[in-house]
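To start, the structure itself, in structure tokens.
Where a number appears in this text, it was derived from the coordinates with a stated rule and is not lab data. Everything quoted here is computed from the prediction, not taken from an experiment. So basically every Cβ, Gly included, is an ideal-geometry build from the backbone, and we count neighbours across all protein chains shown.
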Amino acid sequence: MDKAAVIGVGITKIEANKIKETFADMVWEAVNKALSDAKMTIDDIDNVITTSNDFWDGRTISCMAVGDASGARHKNVSCVEGDGTFGAFYGLARVLSGSYGTTLVTAHSKGSESVSSLITNAAFDPIYDRALGMDMVSACALQARAYMHRTGTTPEQMAMVSVKNHGNAKYNPLSQLPMDITVQDVLESEMISDPLHKLDCSPVSDGCCAVIIANGKRTSRYGGVPVWIKGVAFCADSYFIGDREISKAVALTKAAKNAFSMAQITDPLSEIDVAEVYDAFTYQELMWIEAMGLSEGGKAGINLEKGHYDIKGRLPVNPSGGLLSGHPVIAGGLIRIAEIVKQLRGEAGGYQVAGARTGVAHGVNGLCGQSHCVWVLTAS
Amino acid sequence: MAAKENLIVESKGSGQPFNYAVGMHGSRFFKELRENRKLLGIKCPKCGKVYVPPRRVCGECFAEMTVFVEVGPKGVIGTFTILRYAFIDPETGEQKPVPYGYGFIRFDGADTLFQHYISIEDESKIKIGARVEPVFSEERKGNVKDILYFKVIDGE
């Protein structure tokens with residue numbers, strides 16, 4: 001595919017509690033940053049997709065509450081409930097339909113305004129699961145245990161993901177948790193839910209991201225630098241976690257295969273220069289890159305130890321600091337796309353991956369990676 | 001300079017009451033559990049996979065399932081965690097005492113994993129693959145808490 005491009009991105013600073021801002025305020029900031037980045041005005045936007053989650057926002061039809069801040073008044077606006085990568089997929093489909101030349105996609109959430117464990121508990125089946133108190137952290141702890149059991153990944157290797165990503169975040173001014181920490185610090189941090197320590201988990205965060213996607217002649221009309229969308233795919237697994245092969249992400253394997261195939265990438269490991277993946281927990285970074293075929297099966301932990309995923313490594317993963325350094329749910333995946341765009345334009349500053357030409361961004365929707373969306377992007 | 005004040009509107013304790021339909025498959029599952037301490041799964045006519053809890057559709061085959069089969073009650077731990085952070089029980093609004101064990105159980109005769117509490121009296125026995133059995137509540141009401149928890153069976 002070589003018809004559509006990301007032509008503008010905007011990310012707010014990711015913070016634990018943006019107490020001065022409503023979520024529409026965050027959207028306003030991200031949208032204006034993206035318009036400025038693309039050298040466009042709101043009049044150049046043909047249609048809008050907003051991405052949000054009603055429980056996180058504490059209101060129904062939450063997506064419509066950010067319409068004005070997204071410049072959607074008097075325009076065709078539609079909504080996606082889920083991760084921003086899925087909102088962007090819909091936005092891309094709309095420009096590829098030919099009905100629109102440009103789509104503005106926004107994704108936001110404020111984790112600070114609610115009790116995260118209750119929100120994620122409410123995602124579970126109300127008849128069989130919810131009353132037992134399952135939430136995102138405990139469910140992912142179960143998955144982490146199963147992944148470690150299958151692959152032999154060690155707590156130390158998982159801790160190294162945290163060390164790497166919090167360390168990378170020191171170069172990212174938008175990051176919430178830049179930290180100099182050691183493997184020992186991670187292993188000595190509070191045990192939340194075996195085998196996950198506090199520093200194996202991403203924080204609760206507030207933030208918003210906006211991305212502008214254009215088609216055909218509109219990709220180069222405004223003076224911004226287009227980054228080309230070469231392949232995109234998503235794939236879902238079963239709703240009940242107990243129905244899945246929980247230590248593997250078969251839906252991600254399929255999504256990645258389809259996205260790479262669309263992008264005519266035959267050897268992802270040698271052709272991908274940089275990856276931003278949905279590292280809500282340390283083990284997930286390893287599990288996802290393995291499922292995408294960016295590591296040999298079960299070897300991601302060992303490759304990490306060798307430094308392969310460092311900013312100067314063979315395949316830099318989450319050079320921005322990832323979600324471990326700031327995790328606004330819903331915006332999380334869209335930020336991964338925006339970060340890859342910055343890398344491919346050579347604008348990532350202190351965490352720039354030298355010579356990055358092709359990158360992959362990944363988003364997750366649902367519990368323990370029920371569905372995955374994979375984007376392959378290339379530099380102009 | 002005057003101290004900063006934060007103007008915040010709280011939702012307080014207002015709830016959103018729901019009446020969730022358990023469905024005919026769930027009703028049968030909970031009735032057997034309550035009255036006979038039996039666990040029911042359901043078998044896909046196409047792939048033969050046995051699902052617990054029983055539900056109408058095999059997502060793998062997009063086929064309707066109608067054949068109920070008894071599973072367990074014994075099984076093995078598929079994976080587990082031990083919760084050590086205070087969790088607000090959504091049913092009571094109170095903090096649940098920690099630590100407690102949580103796991104996915106594969107009942108004998110089932111292909112999927114069923115999540116529930118695991119007794120952690122002896123943490124060293126909690127392992128993937130360990131054999132477990134359910135401890136039923138004496139006063140069963142026809143819900144998922146008719147099983148109190150699973151415990152590791154010694155010597156199996």
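Please determine, in degrees from 0 to 90 and to the nearest 10, the orientation of helix B:23-36 with respect to the longest principal axis defined by the Cα atoms of chain B, where the helix direction is its Cα long axis. For helix B:23-36, the angle is close to 80 degrees. Looking at the range A:34-179, the pairs of alpha carbons with a distance over 27 Å make up 45% of the total.
Axis angle, to the nearest 10 degrees, between helix A:155-168 and the longest C-alpha principal axis of chain A: 30 degrees. Scanning chain A for cysteines with no neighbouring cysteine C-beta under 4.7 angstrom from their C-beta gives A:Cys140, A:Cys201, A:Cys208, A:Cys209, A:Cys235, A:Cys368, A:Cys373. On the beta carbon distance between A:Asn32 and A:Val115, with R0 = 22 Å, the FRET formula returns roughly 0.10. For the residue pairs B:Lys38/B:Lys74; A:Lys230/A:Lys312; A:Lys164/A:Lys257; A:Lys75/A:Lys342, the alpha carbons lie more than 19 Å apart in A:Lys230/A:Lys312; A:Lys164/A:Lys257; A:Lys75/A:Lys342.
Model label sites at A:Lys170 and A:Ala354, defined 7 Å from Cα along the beta-carbon direction, differ in position by 1.9 nm. Bridgeable aspartates and glutamates around B:Lys31 (alpha carbons under 18 Å apart, same-chain partners fewer than 8 residues away excluded): A:Asp129, B:Glu70, B:Glu138, B:Glu139, B:Asp146.
State the percent of C-alpha pairs, over all pairs in chain A, separated by a distance greater than 39 angstrom.
Details: 6264 of 72010 pairs.
So the portion of pairs separated by more than 39 Å is 9 percent.
Straight-line reach from B:Lys96: which lysines fall under 22 Å, measuring Cα to Cα and dropping same-chain residues less than 8 apart? Once the sequence-local lysines are set aside, what remains near B:Lys96 is A:Lys198, B:Lys12, B:Lys141, B:Lys145, B:Lys151. Against the longest alpha carbon principal axis of chain A, how many degrees, from 0 to 90 and to the nearest 10, is the axis of helix A:282-291 turned? Roughly 70 degrees between the two axes.
Ranking A:Glu113, B:Glu133 by Cβ neighbours within 10 Å, fewest first, what do you get?
Working: A:Glu113 20, B:Glu133 16.
Result, fewest neighbours first: B:Glu133, A:Glu113.
By the rule of a C-alpha distance below 17 Å, with chain neighbours fewer than 8 residues away ignored, the aspartates and glutamates paired with A:Lys110 are A:Glu15, A:Glu21, A:Asp25, A:Glu29, A:Asp54, A:Asp57, A:Glu81, A:Asp83, A:Asp206, B:Glu10.
Other residues within the sphere of radius under 11 Å centred on the Cβ of A:Glu290, judged by their own Cβ, net out at +1 (K and R +1, D and E -1). The distance from the alpha carbon centre of the range B:19-78 to that of the range A:1-37 is 46 Å, rounded to a whole number.
Going by how many other Cβ atoms sit within 10 Å of their own, how do A:Leu196, A:Leu187 line up, fewest first?
Fewest to most other Cβ atoms nearby, the residues stand as A:Leu187, A:Leu196.
By the beta-carbon count within 10 Å of each Cβ, the least crowded to most crowded order of A:Lys13, A:Lys312, fewest first, is A:Lys312, A:Lys13.
How many angstrom separate the Cα center of the range A:224-303 from the Cα center of the range A:96-129? Spelled out, the Cα-based centre of one part sits 21 Å from the other. Ranking B:Ile147, B:Ala110, B:Ile120 by Cα position along the charge dipole of the range B:104-154, where only Lys, Arg, Asp and Glu carry charges on their C-beta atoms, puts B:Ala110 farthest toward the positive end. With the convex hull drawn over the C-alpha atoms of chain B, the volume per residue is 196 Å³. Each DSSP beta bridge with both residues in chain A is either parallel or antiparallel, and the antiparallel ones are about 70%.
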